[in-house]
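S.K.: Mind looking over this structure? Questions follow.
Each value in this text was obtained by applying a stated rule to the coordinates, not by laboratory testing. The structure presented is a predicted model; accordingly, all values stated were derived computationally and were not measured. Neighbour counts run over all protein chains shown; Cβ positions are idealised from the backbone, glycine included.
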Amino acid sequence: MPPTGSRSILQVHPTRRCNLRCRHCYSASGPDVDATTELKHLLQVTDDAAALGYDVLSVSGGEPLLYSSLPELLARAKSNRLRTTVTSNGLLLTERRLAELDGLVDVLAMSLDGRPESHAAMRQSSRAFSTMKSRLGAVRASGVAFGFVFTLTMSNVAEMEYVAQFAAEHGAGLVQVHPLEAEGAAAMNLRNQVPDSRECAFAIVEAARLEREYGLRIQVDITHRQEIQREPESFLAFPRSPRSPQSPQRPEGPIGTWLSPLVVETDGTVSPLAYGFPREFRLGTLDRASLPELADRWDPEPFLDLCRRAADRLTAGERTLVNWYEEITQESRKPYATM
């Protein structure tokens with residue numbers, strides 16, 4: 001199964017403004033960060049992405065609820081028949097804000113970093129947990145499907161049970177366990193907390209146990225080496241080209257049929273796979289050209305070669321479990337990455 005499943009995702013970050021300053025924030029957002037994306041760019045890229053084969057608009061941040069044009073953006077996505085997801089810290093999910101989003105959000109994801117004291121420490125806010133919890137009644141009453149995102153570190157796998165129990169008690173449909181990546185604020189604050197293979201293995205075993213105990217779906221964003229061996233194209237590790245053995249074959253079809261997620265950062269940069277992905281591999285910026293133009297001009301060969309090299313290294317190695325996004329990002333930073 002590809003990292004994003006059967007869905008093709010356009011992920012946008014309309015603002016880096018946030019009411020919290022989380023220690024693990026990959027986009028280094030915060031209360032004093034005013035960077036936003038013009039709505040006209042996001043509306044156009046949503047139209048274009050739908051035409052190019054994307055079927056999900058995922059809105060993150062920063063805190064998306066601080067983006068005043070969020071309802072308009074989601075409405076445009078729905079008019080293009082895109083499924084919509086919004087990732088929030090949950091503090092601003094009042095009845096009024098939820099009413100503004102009525103019918104526009106298919107899945108709401110809220111962050112939960114373990115027990116209340118752990119959540120507060122990671123969010124650097126004594127009220128982060130209590131305020132989020134106080135909003136859950138309104139969330140349930142709105143009828144929107146919701147779940148929680150738990151960031152796995154080297155020291156918190158034991159807190160997965162608290163998260164699963166909390167999610168089940170409050171009516172969530174999913175817990176997503178995502179390994180910490182040393183990007184943004186996390187690169188400064190938590191570099192030594194990136195979970196290793198052993199910790200990832202513990203998380204997978206614990207997730208299976210908790211699913212049985214709480215009747216809740218728990219998704220762990222960790223890839224087994226055999227998945228890459230069995231289905232390399234799903235990880236963009238396309239076979240070598242017969243005409244050029246040093247380069248992978250190029251995939252056929254519109255970009256939305258093979259590259260997911262495609263990320264629009266707050267400054268309009270369009271990048272493959274992840275926020276902050278090295279600029280050498282970006283498609284370009286939306287203030288210079290439309291998404292179809294950027295896709296047509298982009299030479300994917302360096303990026304695809306990067307994926308092929310990462311897959312070759314992982315399948316030949318001894319580690320059984322890996323975080324594909326972290327691995328491909330680390331591969332991109334090697335001296336020969338763009339050669």
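S.K.: For the range 34-70, name all the residues that are of a type outside the set (D, E, K, R), in a helix (DSSP H, G or I) and farther than 18 Å from residue 89 by Cβ.
M.R.: Of everything in the range 34-70, those that are of a type outside the set (D, E, K, R), in a helix (DSSP H, G or I) and farther than 18 Å from residue 89 by Cβ turn out to be 39, 41, 42, 43, 44, 45, 46, 49, 50, 51.
S.K.: So how many residues does the range 153-175 have that are surrounded by fewer than 18 Cβ atoms within 10 Å (Cβ to Cβ) and within 22 Å of the chain's Cα centre (by Cα)?
M.R.: Here the count works out to 4.
S.K.: When the range 36-69 is examined, which residues are found to be buried (at least 23 other Cβ atoms within 10 Å of the Cβ) and among the hydrophobic types (A, V, I, L, M, F, W, C)?
M.R.: Across the range 36-69, the qualifying residues are 42, 45, 49, 57, 59, 65.
S.K.: In this structure, is residue 73 in a strand (DSSP E or B), under 24 Å from residue 94 (Cβ atoms) and in contact (Cβ under 8 Å) with a residue 40 or more places away in the chain?
M.R.: no
S.K.: Same structure again: Out of 237, 182, 186, I need the residue that is within 25 Å of residue 309 (Cβ to Cβ), surrounded by 18 or more Cβ atoms within 10 Å (Cβ to Cβ) and touching a His at 6+ places or on another chain (Cβ under 9 Å). Which one?
M.R.: Of 237, 182, 186, the one residue that is within 25 Å of residue 309 (Cβ to Cβ), surrounded by 18 or more Cβ atoms within 10 Å (Cβ to Cβ) and touching a His at 6+ places or on another chain (Cβ under 9 Å) is 186.
S.K.: Right, here's the next one. Looking at 140, 97, 83, can you tell me which residue is surrounded by fewer than 24 Cβ atoms within 10 Å (Cβ to Cβ), of a type in the set (D, E, K, R), over 23 Å from residue 276 (Cα atoms) and under 21 Å from the mean Cα position of the chain (by Cα)?
M.R.: The conditions single out 83.
S.K.: A further question on this structure: Quick one: which residue in 282, 250, 313 is within 25 Å of residue 186 (Cβ to Cβ) and in contact with an Asp or Glu (Cβ under 8 Å, 6 or more places away or on another chain)?
M.R.: Step by step, each of 282, 250, 313 is checked, and only 313 is within 25 Å of residue 186 (Cβ to Cβ) and in contact with an Asp or Glu (Cβ under 8 Å, 6 or more places away or on another chain).
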